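Some notes on the structure that comes next.
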Amino acid sequence: MIYETHSFEETYALGKSFGEKATAGQIFALSGDLGVGKTVFTKGFAKGLGIDDDITSPTFTIVQEYHSGRLPLYHFDAYRIADPDEILEIGFDEYLDSAGVCLIEWPENIDDLLPANTTKVTIEKNLEKGLDYRKISIV
């Protein structure tokens, strides 16, 4: 599926719609350049799960856990992962097998660890269509 958004609010709303439909055990891999909207999508997704916490990118902590919604949300940022074994040390496999939902930014760095049923979300800019335009492909 391909979606086009033209503002922060539309990207947020798309994430929220996916969060509202999310089920336990789902894994979403969010790819895209820096500043493209991965965290905006995640904020909306969290809201769709009923999470009102402040959602921030877990660049330095690798994972942020949110338990206040209808399902737990595990938000990963693999940007700083140089060796996939690093993320395994924090119990990554256990998160994947949990009753929560995992959203993983920069999944390219841990691609070999992702299960086949991972939903891939790619967010791209196209400046010819405007500064806030995003093409969001979900496979």
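Looking at the square roots a ≥ b ≥ c of the eigenvalues of the Cα gyration tensor of the stretch 36-103, which shape do they give, rounded for a/c under 1.5, prolate if a/b is larger than b/c, or oblate? Taking the square roots of the gyration eigenvalues as a ≥ b ≥ c, the stretch 36-103 is oblate. Taking the 1.4 Å solvent-accessible surface of the stretch 1-98 as the whole, the part contributed by carbon and sulfur is 50%. Between the C-alpha center of the stretch 11-37 and that of the stretch 105-139 there is a gap of 9 Å. Looking at the stretch 3-39, none of the trypsin sites (Lys or Arg not before Pro) sits in a DSSP loop with at most 13 other Cβ atoms within 10 Å of its own Cβ.
The modelled label-to-label distance for the pair Asp111/Lys21, using points 7 Å beyond Cα in the direction of Cβ, is 2.6 nm. In the chain, the longest principal axis of the Cα atoms and the axis of helix 38-48 are about 80 degrees apart.
Between helix 8-21 and the chain there is an angle of about 50 degrees, using the helix long axis and the longest principal axis of the Cα atoms.
Overall form of the stretch 1-129: oblate. Here a/c, set by the Cα gyration tensor axes a ≥ b ≥ c, is 1.5 or more, and a/b is not larger than b/c. In the complete set of protein chains, residue-level accessible area for His6 is approximately 100 Å², probe 1.4 angstrom. Accessible surface area normalised per residue over the stretch 1-100 is 50 Å², counting heavy atoms of protein chains with a 1.4 Å rolling probe.
The values are calculated or read from the model by the stated rules, or taken from the named source; none is laboratory data. Quantities reported herein were computed from a predicted structural model and do not represent experimental measurements. Don't worry about glycine lacking a Cβ; one is built from the backbone with ideal geometry, like all the others, and counts go over all protein chains shown. Each accessible area value is taken on the protein alone, full model and side chains, heavy atoms only, with ligands, DNA and RNA left out. Shrake-Rupley method; radii C 1.70, N 1.55, O 1.52, S 1.80 Å.
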